[in-house]
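The values are calculated or read from the model by the stated rules, or taken from the named source; none is laboratory data. Predicted, not measured: the structure shown is a model, and the values here were computed from it. All Cβ positions, even for glycine, are placed from backbone atoms using ideal geometry, and neighbour counts span all protein chains on display.
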Amino acid sequence: MALLGLRNVSKIYHTGGEEIRALDDVSLDLQSGEFISIIGPSGSGKSTLMHVLGCLDSPTHGEVRLDGVDISRATAGQLAKVRNRTIGFVFQSFNLLPKLNVLQNVELPMVYAGMGGGPRRERAMEALRQVDLAHRVKNRPNQLSGGQQQRVAIARALVNDPKIILADEPTGNLDTHTGELILNLFRDLSRQGRTVILVTHNPEIAAVTPRRIEIRNGKIADRLDERLAGLARAAASPA
Ligand SMILES: Nc1ncnc2c1ncn2[C@@H]1O[C@H](COP(=O)(O)OP(=O)(O)O)[C@@H](O)[C@H]1O
Ligand SMILES: [Mg+2]
């Protein structure tokens, strides 16, 4: 069973009497431990797809299944719960709070979840060790390099032990070498069994992931490539 499955998903916006199919009949299965990029030009529907995959938004038509549960018609509150339990987000601009130190930034999702101080600190430290930043806990974000800030953001995404990590242009503000280090970190996380999804418009970044999903005009563009990848996966792990 796929960890995350989309069946004939469409997302339609109505603006000024016009209908925009941001996603147009998209079907897709993502397995645990996959490292995937979603690539496509600006306006192709990447962010819309990411919002649906990340349980930030519901489709207009079609079905979304997470861990076998149909969440297509879930309420905003139900989606928020699923999201907090299952998904970690990483953004291009890191989205760290400048007045909090590294440790406090990483603890924040657990503060929102109502967790007590002791376990919170322990988990935050464990996540910071994973990104090799346990020695910088007292620093404010602006005392760190861009790559270090993104590693703090990744630690923050890890504290709820998410099955899925969704990253929107995570290396967009980093130089090439630092970007590679961050991509290596994502690869390690996928090897731990987490599904890591990178959204990017950069083909060089998409080239590092074993699987690529190309989206154009709201549709998955390279159907044949996807079908062959599906067959290869099925052959590698018979049900
Ligand atoms: N909230 C919205 N209201 C109306 N149109 C939208 C909205 N969000 C996205 N769109 C449109 O849907 C299409 C896909 O957008 P988007 O998913 O943001 O693409 P990308 O992330 O690949 O640049 C675009 O034509 C965009 O203008
Ligand atoms: Mg976008």
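On inspection, R120 passes the criterion of being out of contact with any Gly (no Cβ under 9 Å at 6 or more places or on another chain) and modelled with pLDDT of 95 or more.
When S37 is tested against (1) within 16 Å of ligand 1 (Cβ to nearest atom); (2) free of Cβ contacts under 8 Å to residues at least 40 places away in the same chain, just one condition goes unmet, and that condition is (2). When the strands (runs of 3 or more DSSP E) confined to region 1-95 are screened for residues that are within 15 Å of ligand 2 (Cβ to nearest atom) and on the phi < 0 side of the Ramachandran plot, those reaching at least 2 such residues are found at 4-15, 18-30, 35-39, 87-91. Of the numbered criteria (1) surrounded by 13 or more Cβ atoms within 10 Å (Cβ to Cβ); (2) free of Cβ contacts under 8 Å to residues at least 40 places away in the same chain; (3) not hydroxyl-bearing (S, T, Y), the one A207 fails is (1). Assess whether S42 counts as being over 11 Å from H61 (Cβ atoms), within 14 Å of ligand 1 (Cβ to nearest atom), in contact (Cβ under 8 Å) with a residue 60 or more places away in the chain and exposed (fewer than 15 other Cβ atoms within 10 Å of the Cβ). In short, yes.
Per the conditions (1) within 16 Å of ligand 2 (Cβ to nearest atom); (2) buried (at least 22 other Cβ atoms within 10 Å of the Cβ); (3) more than 14 Å from the chain's Cα centre (by Cα), the sole criterion not satisfied by N202 is (2). Here the strands (runs of 3 or more DSSP E) wholly within region 122-239 that include at least 1 residues being among the basic types (K, R) are 211-216.
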